[in-house]
Amino acid sequence: MALPLRSIATTKVGRAPSDPLDGLAKRLHNVLGKDGGTRLAKARVAAWIRTLIDTLFPQGAEQTYATAGEVRDALDASAAELRALLRPLEDQIEDPASIAAAFFQSLPEIHRQLMIDATAIERGDPAAESVDEVIVAYPGFLAIAVHRIAHRFRELGVPILPRVLTEWAHERTGIDIHPGATISYPFIIDHGTGIVIGETAVIGTNVKLYQGVTLGALSVAKSLASTRRHPTIENDVVIYANATILGGETVIGRGSVVGGNTWITASIPANSIVYQRSEVHVRQGREDFEAPDFVI
């Protein structure tokens, strides 16, 4: 029969004077410190946000409710669970009960905005057959929904939880939106995989992003973390796949179109079109053709 790890380590020769696992165990035990540190169970947060999303959008939920009263009971249960989730953070926030109450008071407005988002996505995508399809099957909508929820917690001064929520959405959708980003509505994400939106980005009304878009920061010192580092996207802008827009001073003017694979670090006037022009060279023969020098 195989011996357990500790038994193997101590058989015959005894335990090593400085067993590295003992040191690791001590460090892990002390992670939270005497005051309990900051503890937020990710699995419990994931279960909470899944349940809340299912309650808000029953089109794809496993559980359904027969009456409005049952829906209200589900919301009340979600509020109670939120209070429990916030309790380990109570040394960093106001009363968890008041935070939970403030969040749930905001929930009708968050839901209203999300329905406007879903409707705009459906209207702008020829492949979408209904708003219900957007809600049930579009990763961009899920990422937006979780962001609007996480952003509200950020406004309420709750630490860590907003990032855990948006990272849950990131894991599920491939879309990485920092909860600090300010995003108006409707906001439209088409496909969405690989989108990155930084903490201080500001996005106006009726903005549409395709997959791979980055709204990022130019390299800045850690001491400048509290300054504007990410771009502003004004109303009615379309940004196509794999465009990269960087810098806190960068503003993409209203009504502009940013083409795919562009790299922008300076402001663009309103109603501009930014794109890269591809050149096609037809070779006359293999002898005269000089292949591009690249390695994969």
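Values as computed for the structure displayed
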| read-out | value |
| --- | --- |
| Selected residue [under 27 Å from Arg44 (Cβ atoms) and modelled with pLDDT of 95 or more] from Ile116, Ile144 | Ile144 |
| Candidate set: segment 119-130, residues that are in a loop (DSSP other than H, G, I, E, B) and either small (Gly, Ala, Ser) or in contact with a Pro (Cβ under 6 Å, 6 or more places away or on another chain) (or both); chosen: the one farthest from Phe57 (Cα to Cα) | Ala127 |
| Single residue of Thr232, Thr166, Thr173, Thr182 found to be under 19 Å from Gln113 (Cα atoms) and surrounded by 20 or more Cβ atoms within 10 Å (Cβ to Cβ) | Thr166 |
| Segment 158-199, residues that are among the acidic types (Asp, Glu) and under 8 Å from the mean Cα position of the chain (by Cα) | Glu167, Asp176 |
| Candidate set from segment 115-131 (those that are free of Cβ contacts under 8 Å to residues at least 24 places away in the same chain and among the acidic types (Asp, Glu)); member that is nearest to Ala143 (Cα to Cα) | Glu122 |
| Any hit, segment 33-41, residues being at pLDDT 85 or above and closer than 30 Å to Thr119 by Cβ | no |
| Tally, over segment 235-273, of residues that are surrounded by fewer than 17 Cβ atoms within 10 Å (Cβ to Cβ) and acidic (Asp, Glu) | 1 |
| Some residue of segment 204-224 being modelled with pLDDT under 95, out of contact with any His (no Cβ under 8 Å at 6 or more places or on another chain) and among the hydroxyl-bearing types (Ser, Thr, Tyr) | yes |
| Criterion: of a type outside the set (A, V, I, L, M) and at pLDDT 95 or above - qualifying residue of Gly285, Gly194 | Gly194 |
| Subset of segment 84-114 (residues that are free of Cβ contacts under 8 Å to residues at least 60 places away in the same chain, surrounded by 17 or more Cβ atoms within 10 Å (Cβ to Cβ) and not hydrophobic (A, V, I, L, M, F, W, C)) | Pro88, Pro96 |
| Scan of segment 199-211 for residues that are surrounded by fewer than 20 Cβ atoms within 10 Å (Cβ to Cβ) and free of Cβ contacts under 8 Å to residues at least 40 places away in the same chain, ordered by number | Glu199, Val202, Thr205, Gln211 |
| Which listed residue is surrounded by fewer than 14 Cβ atoms within 10 Å (Cβ to Cβ), farther than 22 Å from Ser184 by Cβ, of a type in the set (A, V, I, L, M, F, W, C) and out of contact with any strand residue (DSSP E or B) (no Cβ under 9 Å at 6 or more places or on another chain), from Ala74, Ala61, Ala66 | Ala66 |
| Residue within segment 63-78 that is touching a residue at least 40 places away in the same chain (Cβ under 8 Å) and either hydrophobic (A, V, I, L, M, F, W, C) or assigned to a loop (DSSP other than H, G, I, E, B) (or both) present | no |
| Residue that is modelled with the lowest pLDDT, among those in segment 80-113 that are in a helix (DSSP H, G or I), over 19 Å from Asp190 (Cβ atoms) and of a type in the set (S, T, N, Q) | Ser98 |
| Those residues of segment 139-176 which are over 25 Å from Arg87 (Cα atoms) and in contact (Cβ under 8 Å) with a residue 40 or more places away in the chain, in sequence order | Pro139, Gly140, Phe141, Leu142, Ala143, Ile144 |
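The values are calculated or read from the model by the stated rules, or taken from the named source; none is laboratory data. The model shown is predicted, which means the values in this text are computed figures rather than measured ones. Note: ideal-geometry Cβ built from the backbone for every residue, glycine included; neighbour counts use all protein chains shown.
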